[in-house]
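The values are calculated or read from the model by the stated rules, or taken from the named source; none is laboratory data. Everything quoted here is computed from the prediction, not taken from an experiment. Note that each Cβ is placed from the backbone with ideal geometry, even for glycine, and that neighbours are counted across all protein chains shown.
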Amino acid sequence: MVQYFNWVSRVLQGDLGRSVFHNESVGKLIAKRLPITAHIGVLSFIVATILGTLSGLLAGLRRGKLADQIVTPLAYVGITVPIFWLGILLVYAFGLKLGWLPIGGYTSPFEDFWLNARQLIMPVVCASVLGLASMSRQMRSSVLEVARQDYIRTAWSKGLRERAIVFKHMLKNSLIPVITLMGFAVGMIFGGSVFIETVFNIPGMGRLMVSSIFNQDYVVVQATTLIFGAIVLLVNLIVDISYGWLDPRIRYG
């Protein structure tokens, strides 16, 4: 207990401790690894948000039709597939058999942009698949629920075009439950970095945490856990604030 409270007091002063295994400041270790994990995480979040929202919107608007019949089963598969297993399959198929993509590693985009882009395709796919599938399912359900509201029927009866109804009336209200999932998606992406960076041999925060656990370098484990937790809390705070922008009734209530 004394050691823990001493560590907390140092953290509040900006000192994350010193790694026993690396014999280096934990702050410097994280400063090297965090941009790599953030790079993959931000790209994965963008892919999951855009594709998940659009695919769910399309499935909800075309319920029971071809688009819905394709998106819905794929969403169920995306939710259930283990990301480390998916990563191994991608490495085997696109890296070893076809030779289209590098099987691992990380190169800074400032050194070689195209190599970096090719190296990130498989990790970003793995990191985004769960959030993408969850948002797609939730967006489809939200669209179906909003489509039954009185103001949507009124918009149709006024003869408005489908594009105007979808983007001006339906989309914004359908996004409220999806925004909640975006906060969870950030946690899943950064939590999944432990598996993804290990499978693809990426020197990020996730791999640093795994190696520190095996090396019993608990100071680094504490610091990385703290950083991941702070990121998730910050994103969920932003999500809560965004509710008022999407729905004025929440802001006035």
* Structure fact -> Looking across region 7-20 at residues that are free of Cβ contacts under 8 Å to residues at least 24 places away in the same chain and more than 29 Å from the chain's Cα centre (by Cα), the single one that is surrounded by the fewest Cβ atoms within 10 Å (Cβ to Cβ) is Gln13
* Asked: Looking at (1) within 17 Å of Leu57 (Cβ to Cβ); (2) buried (at least 20 other Cβ atoms within 10 Å of the Cβ); (3) at pLDDT 85 or above, can you tell me which one Ser141 breaks?
  -> (2)
* Structure fact -> Those residues of region 23-72 that are loosely packed, with under 14 Cβ neighbours inside 10 Å and among the acidic types (Asp, Glu) come to a total of 1
* Structure fact -> Scanning region 150-175 residue by residue, the ones that are exposed (fewer than 11 other Cβ atoms within 10 Å of the Cβ) and under 27 Å from the mean Cα position of the chain (by Cα) total 0
* Structure fact -> By my count, helices (runs of 4 or more DSSP H) wholly in region 21-99 with at least 1 residues that are at pLDDT 85 or above, more than 21 Å from the chain's Cα centre (by Cα) and of a type outside the set (S, T, N, Q) are 26-61, 66-80
* If you scan region 187-206, which residues turn out to be within 18 Å of Lys32 (Cα to Cα), touching a residue at least 24 places away in the same chain (Cβ under 8 Å) and surrounded by fewer than 23 Cβ atoms within 10 Å (Cβ to Cβ)? -> Thr198, Asn201, Pro203
* Test for Val81: is it surrounded by 19 or more Cβ atoms within 10 Å (Cβ to Cβ) and under 22 Å from Ser55 (Cβ atoms) -> no
* To do: Evaluate region 210-232: report whether one residue or more is under 14 Å from the mean Cα position of the chain (by Cα), of a type in the set (Val, Ile, Thr) and at pLDDT 80 or above.
  => yes
* Structure fact -> Checked pairs for region 104-131, first outside any helix (DSSP H, G or I), second of a type in the set (Val, Ile, Thr), C-beta under 9 Å and 6 or more apart or across chains, list as Gly104/Val91; Gly104/Val199; Gly104/Ile202; Gly105/Ile202; Tyr106/Ile36; Tyr106/Ile40; Tyr106/Ile202; Ser108/Ile36
* **Residue selected from region 5-20 under the condition aliphatic (A, V, I, L, M) and part of a loop (DSSP other than H, G, I, E, B), by the criterion nearest to Tyr218 (Cα to Cα)** => Val20
* Asked: Hey, does region 191-206 have a residue that's assigned to a helix (DSSP H, G or I) and closer than 25 Å to Ile241 by Cα?
  -> yes
